[in-house]
Amino acid sequence: MPAAGLGVRLGPGQPKALRELAGEPLLVHAVRSLRSVPSIGVVVVAAPASDVEAVGRLLAAYDVVVVPGGDDRQDSVHRTLAALPPDVDLVLVHDAARCLTPGHVIEAVVAALRAGADAVVPVLPIADTVKHVEGVRVLGTVDRAALRAVQTPQGFRRDVLEQAHAAGRQAATDDASLVEVLGGTVTTVPGDDEAFKITRPLDLLLAEAVLAARSSRSGRHAR
Ligand code: C5P
């Protein structure tokens with residue numbers, strides 16, 4: 001779980017993973033959602049280098065390994081891979097910033113890996129019209145029916161992911177793209193709107209609303 005980003009687009013404050021959401025750090029929500037899936041074994045978190053000890057204390061109840069993150073996301077993922085025990089052969093890479101990802105998305109990625117996929121990404125159709133632009137000028141409109149927005153967790157056979165990371169130092173915003181450039185096959189499973197990435201201040205408001213709706217649903221079920 002790469003969680004070492006500063007969250008500059010969220011505005012001034014703590015590193016993103018330590019910002020509070022409904023009274024708890026975002027990272028606690030993220031690890032809890034992973035831990036809610038029984039097939040998840042070892043969890044390795046890449047924390048901001050200056051907060052490794054604090055993150056270790058914060059996550060003490062969740063049985064995680066905490067390593068210092070790197071200068072960019074790819075570097076942070078690389079460091080978590082280096083900390084995996086040798087007997088692990090299927091790996092999920094999950095952005096801490098997608099801290100409300102429902103368990104069924106995580107389970108779908110695991111199931112696709114167990115069914116034999118080399119690499120798996122959760123995807124959603126695109127709601128907006130997408131245009132190709134240069135400066136302020138529109139060059140054309142992309143056929144959105146053929147596009148998907150990609151979420152995490154992304155799942156990999158460990159050897160496939162390690163090979164992709166060893167080969168790739170080109171700037172990549174996700175791990176599956178490193179597999180794609182090596183000619184590997186990446187398959188998709190359905191994502192979920194609630195697996196959105198917390199990036200800007202509005203996303204924090206949305207996340208608070210999702211949590212409030214979940215807790216009122218579970219309150220109704222308990223009654
Ligand atoms: O910046 P972005 O939102 O794309 O980051 C995606 C994920 O990568 C976040 O969970 C963030 O904490 C993580 N990240 C990291 N190390 C960095 C930069 C980002 O672990 N140096």
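The values are calculated or read from the model by the stated rules, or taken from the named source; none is laboratory data. Small disclaimer: the values here were computed from a predicted structure and weren't measured. Quick reminder, even Gly has a Cβ in these numbers, built from the backbone with ideal geometry, and neighbours come from all protein chains shown.
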For the stretch 8-39, how many residues are more than 14 Å from the ligand (Cβ to nearest atom), assigned to a loop (DSSP other than H, G, I, E, B) and within 16 Å of Leu100 (Cα to Cα)?
-> 4
Only unsatisfied item for Val44, checking (1) over 21 Å from Val179 (Cβ atoms); (2) surrounded by fewer than 22 Cβ atoms within 10 Å (Cβ to Cβ); (3) hydrophobic (A, V, I, L, M, F, W, C), is (1)
Within the stretch 164-181, the residues that are part of a helix (DSSP H, G or I) and of a type in the set (A, V, I, L, M) are Ala164, Ala166, Ala167, Ala176, Leu178, Val179, Val181
Out of (1) assigned to a loop (DSSP other than H, G, I, E, B); (2) surrounded by fewer than 16 Cβ atoms within 10 Å (Cβ to Cβ); (3) away from the ligand (no atom under 14 Å from the Cβ), what's the single condition that is false for Gly184?
-> (2)
Here are Leu21, Leu100, Leu10, Leu27: which of them is in contact with an Asp or Glu (Cβ under 6 Å, 6 or more places away or on another chain), under 21 Å from Glu208 (Cβ atoms) and in contact (Cβ under 8 Å) with a residue 12 or more places away in the chain?
-> Leu100
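If we scan the stretch 75-95, do we find a residue that is in a loop (DSSP other than H, G, I, E, B), within 16 Å of His29 (Cα to Cα) and either within 16 Å of the ligand (Cβ to nearest atom) or not hydrophobic (A, V, I, L, M, F, W, C) (or both)? Walk me through how you get there before you give the answer.
Here is the first cut: in the stretch 75-95, the ones in a loop (DSSP other than H, G, I, E, B) are 83-89, 94-95.
Imposing the further condition that a residue be within 16 Å of His29 (Cα to Cα) reduces the set to 94-95.
If we keep only those that are either within 16 Å of the ligand (Cβ to nearest atom) or not hydrophobic (A, V, I, L, M, F, W, C) (or both) too, we end up with 94-95.
Within the stretch 75-95, one or more residues are in a loop (DSSP other than H, G, I, E, B), within 16 Å of His29 (Cα to Cα) and either within 16 Å of the ligand (Cβ to nearest atom) or not hydrophobic (A, V, I, L, M, F, W, C) (or both).
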Examine the stretch 144-159 for a residue that is touching a residue at least 40 places away in the same chain (Cβ under 8 Å), touching a helix residue (DSSP H, G or I) at 6+ places or on another chain (Cβ under 9 Å) and part of a helix (DSSP H, G or I), and state whether such a residue exists.
-> yes
Selection count where residues are modelled with pLDDT under 90 and in a loop (DSSP other than H, G, I, E, B), scope the stretch 192-223 | 1
